[in-house]
Amino acid sequence: MMDDKISHGVSKLNEWKGSSVWYRINCSCGGDCDTDMEFEFDKDFGFINLNFYKNVAWSDYDSHTFFGRIWSRLKAAYKILTTGYISLNGSTLIQEEGHINSVIEALQEGRDKLIKFKADFDKLEGNKNED
Ligand SMILES: [Zn+2]
């Protein structure tokens, strides 16, 4: 169990008992490109969900000059103004066996917690119906 400790680039951020648990996967590059995972038990529908959250930023790495970057940003701004939409993407680098194993450990731990959240909730709801 990795409860509350940082283990090879993965840390547990928070847990709301019976509801959700959050982990952060640190990017191996050291930049601001981590990915957060939320294991969520949706009590209203009885679903267990895994959500991924990630910051993405405009990248003009294909422009090698100052004016090239300005032109690239202007084109992106124009696209947002005219269409209201721009497509961005980002990656999180998970490097080396220990880091990969920590992500797998967090996935398994989060899944197990969700299964327990749901089982506890179902048991509680079952007890309510027997009254
Ligand atoms: Zn990165």
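Each value in this text was obtained by applying a stated rule to the coordinates, not by laboratory testing. In this text the structure is predicted, and so the values were computed from the model without any measurement. Positions of Cβ are generated from backbone atoms using ideal geometry, with glycine treated the same way; all protein chains shown enter the neighbour counts.
The angle separating the long axis of helix 66-83 from the principal Cα axis of greatest extent in the chain is about 60 degrees. Here region 74-96 is scanned for amide nitrogen atoms under 18 Å from the site 7 Å beyond the Cα of S28 along Cα-to-Cβ, giving 90-96. Distance check, please: which entries in K54/K113; K54/K128; K54/K123; K12/K123; K54/K75 exceed 31 angstrom between their Cα atoms? Violating the 31 Å Cα-Cα cut-off are K54/K128; K54/K123.
What's the angle, to the nearest 10 degrees (0 to 90), between helix 97-130's Cα axis and the longest principal axis of the chain? So the inclination is approximately 40 degrees. Modelled spin labels at S87 and I115, positioned 7 Å past Cα toward Cβ, are 3.8 nm from each other. Judged by the mean number of other Cβ atoms found within 10 Å, the most tightly packed of the peptides 116-127, 91-102, 22-33 leads the ranking 22-33, 91-102, 116-127. Its alpha carbons give the chain an Rg and a Dmax of 20.4, 72 Å. Taking every alpha-carbon pair under 8 Å whose residues sit at least 6 apart, the chain reaches a relative contact order of 27 percent.
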